[in-house]
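A.B. asks: Pasting a structure below so you can have a look.
The values are calculated or read from the model by the stated rules, or taken from the named source; none is laboratory data. Every value quoted in this text rests on a predicted model; they were computed, and no experiment measured them. Virtual Cβ from ideal backbone geometry, glycine too; neighbours counted across all protein chains shown. Just so you know, the surface numbers come from the protein's heavy atoms only, side chains and all, with ligands and any DNA or RNA stripped out. Shrake-Rupley method; radii C 1.70, N 1.55, O 1.52, S 1.80 Å.
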Amino acid sequence: MADFNLLLQNVLEYGRSQEWRYVELRGERLLCQEIPYKRFVQHTLPLIKDENVLKAQVRKSAARNIQKAVKEGVKIDVTYDLSGVLSFYRLHCLTRRRQGQPPQAKQYFINLHKYLIDDGLGFTALARHGQSIIAGLICLHYGSNAIYKYGASDEKYQNLRANNLLFWEMIKKCAYDGFSTLSFGRTDLQNTGLMVFKDGWGGERSELNYYRYDLAKDAFISRTNNLQGYEALFKKLPVAILRLLGAVGYRHMG
């Protein structure tokens, strides 16, 4: 604990010298006495190169949805090129609008491809139905660990259960590519539907806390949602306007 406090003080002093606004620590158990700035849950699935073992862990309802997607003719394409990322970005914008949030800038995803996916550190998986791309995800990996980073879908095709098939194909690919764990990423505590969806794949659920130290206030602070109250408005705005808001605003939001 003494070593951690010394390290933290050195980080804070460096942050002040660089005129940082804050320092953020994620998942640090030594800060359990402090109030988290943000609280999430995370799911982690141990992987093994045995499809039968992986399948046995899948909840029956999720397995039925996988079968439905296959029966309906949904196909999964795994891509490593920029066009796949841009196809995903279109779905990402639709999904963020549905959630009442602006999307990240298009350039962000272009850079994600340039510096990670194109360098062999991830892939895009897209679900197709006929000629339409109806859902997608981006998975990144480093060392022996993989992480489901982004997911998106076109709500018009929700009844085809493409997201279930996407998750299943991602799990199998990461297992057969030799990764030891697959993280399903963080989930907001209020998003119970997504938590239940992620519970259905056999992974372990655990807490994930973010702590933020405000250097001006010289104290750890709790979260304030700068977008609270705007969700209903964002859901009504055209995607083009939301993209503009995201491009301008995300660099100014914590």
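A.B. asks: Using square roots of five times the C-alpha gyration tensor eigenvalues, list the equivalent-ellipsoid semi-axes of the stretch 178-225 in whole Å, biggest first.
C.D. replies: 30, 15, 7
A.B. asks: Express the C-alpha Rg of the stretch 129-206 as a ratio against the empirical globular expectation 2.2 N^0.38 Å, rounded to two decimals. Please report the intermediate quantities before stating the final value.
C.D. replies: Working: Rg = 13.1 Å, N = 78, 2.2 N^0.38 = 11.5 Å.
Here the Cα radius of gyration is 1.14 times the empirical estimate.
A.B. asks: Once you've got the Cα coordinates, tell me which of Lys149/Lys173; Lys49/Lys75; Lys38/Lys114 are over 18 Å apart.
C.D. replies: Lys49/Lys75; Lys38/Lys114
A.B. asks: What number comes out for accessible area per residue over the stretch 121-198 if the probe is 1.4 Å? Units Å², please.
C.D. replies: 43 Å²
A.B. asks: Continuing with this model, one more query. So if we plug the beta-carbon distance of Asp118 and Val196 into 1/(1 + (r/R0)^6) with R0 = 25 Å, what FRET efficiency do we get, rounded to 0.05?
C.D. replies: Efficiency computed from Cβ-Cβ geometry: 0.15.
A.B. asks: For the chain, evaluate the Debye formula with one uniform point scatterer on each Cα (no solvent term) and list log10 I(q)/I(0) at q = 0.09, 0.11, 0.17 Å⁻¹, rounded to two decimals.
C.D. replies: Results for the chain at q = 0.09, 0.11, 0.17 Å⁻¹ read -0.47, -0.70, -1.46.
A.B. asks: Cα gyration tensor of the stretch 52-193, axes a ≥ b ≥ c as square roots of the eigenvalues: rounded (a/c below 1.5), prolate (a/b > b/c) or oblate?
C.D. replies: rounded
A.B. asks: Roll a 1.4 angstrom probe over the protein heavy atoms and tell me the percent of accessible area of the chain that is carbon or sulfur.
C.D. replies: Answer for the chain is 50 percent, counting heavy atoms of protein chains only.
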